[in-house]
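Input: a single structure, listed below in structure tokens.
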Amino acid sequence: MSTPATGPLPTVGVVVPTHDRPELLRETLRSVLAQDTTAELDIVVVFDRTTPDQELTRLSMPGRRVRVIPNIRTPGLAGSRNTGILALDTDWVAFCDDDDTWAPTRLRAQLERAARHPEAELLTTSICVAYEGAETPRLAGTGTVTRADLLRSRMAMLHSSTVLVRRSALVGSLGLVDETIPGSQNEDWDLLLRAASRGPIQHIDEPLVRVLWGRSSQFSRQWETRVSSLEWMLQRHPDIAGDDRGAARVFGQLAFGSAALGRRRAAAQWARRAVGRRMTEPRAFLALAVAGGLFSAEAVMSFLHRRGKGL
């Protein structure tokens, strides 16, 4: 069922958290402003622990306002997202990290899908991973994503910068981004799991968002945060451990993170739990190789990123 042509156009708020990447931020904003949609856009750039750059408001154009505000909630990505959400009064909220860019058709494709599925609260697209000059598409192979899918796999192509979600759900029963998760790591996976428990996520399996990986990424090498946030996820969503493949993946990630931190005993324990759930879990063996000094965690991550893969 489509939205009638005579009906009001939807409004979209775009939340762009930022800290200290002015050149990348401007590229991000250019891609948002260039969206091929007739929807009205309200773009809120949320400066976290840094002074807002008021010059960015000059990028505003008719029907596409750019605002800059400070993060007034918990320092970090989750608090910045929520600051932006609460500053908006639009029908929809889209997220975009300050080092990512959108294809011109991203919002139009999602809004058209939403019109055909008025029950949908959250929509995503796939991504193209950019790393050291190479770009690799990451596709999901499906047009809908369930909670079972997200328990089995993090589905990295459902990146936070692809999310479009009804604001009424965020400020209502779905809830805001959880600010208690350590370091705001995996906050998007948590939101996806919560949304998928209410109904399937509508997914456009095209790489409509370019995600920059590498040293610019705020989470690329923060192993302490990774380990803590994964432990938090297991506590918040215990059914992750109920899926053998999903449990093995998370246990393997915990093993690798422990190895990267030099915690060899913890790495071995998590690796044992991973292979106990899935004998061929590759992360467990990579963790043991790092713990044994065969490779550095940095070398492994660089190898994976060059192929458009994460851990």
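The values are calculated or read from the model by the stated rules, or taken from the named source; none is laboratory data. The structure displayed is predicted, hence computed values, not measured ones. FYI the Cβ positions are ideal-geometry reconstructions off the backbone, even for glycines, and counts take in every protein chain you see.
General remarks:
- Of the residues making up the stretch 134-143, those that are of a type outside the set (A, V, I, L, M, F, W, C), loosely packed, with under 15 Cβ neighbours inside 10 Å and more than 17 Å from TRP102 (Cβ to Cβ) are GLY141, THR142, GLY143.
- Qualifying residue in the stretch 114-124 (condition: surrounded by 19 or more Cβ atoms within 10 Å (Cβ to Cβ), in contact with an Asp or Glu (Cβ under 7 Å, 6 or more places away or on another chain) and closer than 22 Å to ASP91 by Cβ): no
- Leading residue by the ranking (nearest to the chain's Cα centre (by Cα)) among those in the stretch 168-192 that are more than 23 Å from LEU311 (Cβ to Cβ) and not in a loop (DSSP other than H, G, I, E, B): LEU170
- Residue match in the stretch 147-167 (condition: in a loop (DSSP other than H, G, I, E, B) and over 16 Å from the mean Cα position of the chain (by Cα)): no
- Every pair of residues 6+ apart whose Cβ atoms lie under 7 Å, when the first sits in the stretch 268-295 and is farther than 17 Å from ARG245 by Cα and free of Cβ contacts under 8 Å to residues at least 60 places away in the same chain while the second is surrounded by 15 or more Cβ atoms within 10 Å (Cβ to Cβ) and basic (Lys, Arg): ALA291/ARG264
- The stretch 281-296, residues that are assigned to a helix (DSSP H, G or I), surrounded by 21 or more Cβ atoms within 10 Å (Cβ to Cβ) and under 26 Å from the mean Cα position of the chain (by Cα): ARG283, ALA284, LEU286, ALA287
Residue by residue, here is whether (1) surrounded by 14 or more Cβ atoms within 10 Å (Cβ to Cβ); (2) closer than 18 Å to THR225 by Cβ; (3) at pLDDT 95 or above holds:
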{"site": "ALA247", "(1), (2), (3)": "yes, no, yes"}
{"site": "ALA260", "(1), (2), (3)": "yes, yes, no"}
{"site": "ARG265", "(1), (2), (3)": "no, no, yes"}
{"site": "ARG272", "(1), (2), (3)": "no, no, yes"}
{"site": "MET279", "(1), (2), (3)": "no, no, yes"}
{"site": "MET301", "(1), (2), (3)": "yes, yes, no"}
{"site": "ARG307", "(1), (2), (3)": "no, no, no"}
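Residue by residue, here is whether (1) farther than 30 Å from GLN110 by Cα; (2) touching a helix residue (DSSP H, G or I) at 6+ places or on another chain (Cβ under 9 Å) holds:
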position	(1), (2)
VAL211	no, yes
SER228	yes, yes
GLN235	yes, no
ASP244	yes, yes
SER258	yes, yes
ARG265	yes, yes
ARG272	yes, yes
LEU288	yes, yes
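- One residue stands out in the stretch 6-55 among those that are in contact with a Leu (Cβ under 7 Å, 6 or more places away or on another chain) and charged (D, E, K, R): the one that is surrounded by the fewest Cβ atoms within 10 Å (Cβ to Cβ), namely GLU40.
- ALA78 being more than 25 Å from HIS117 (Cα to Cα) and either at pLDDT below 95 or not β-branched (Val, Ile, Thr) (or both): yes
- Just one of the listed residues (VAL145, VAL163, VAL227) is farther than 30 Å from ALA267 by Cα and free of Cβ contacts under 8 Å to residues at least 60 places away in the same chain, and it is VAL145.
- Among helices (runs of 4 or more DSSP H) entirely within the stretch 193-278, having at least 2 residues that are of a type in the set (S, T, N, Q) and not assigned by TED's automatic domain parsing to the domain that holds ALA130 singles out 223-236, 244-260.
- Complete set of residues in the stretch 75-127 that are part of a loop (DSSP other than H, G, I, E, B) and either outside the structural domain of LEU164 (by TED's automatic domain parsing) or β-branched (Val, Ile, Thr) (or both): THR90, THR105
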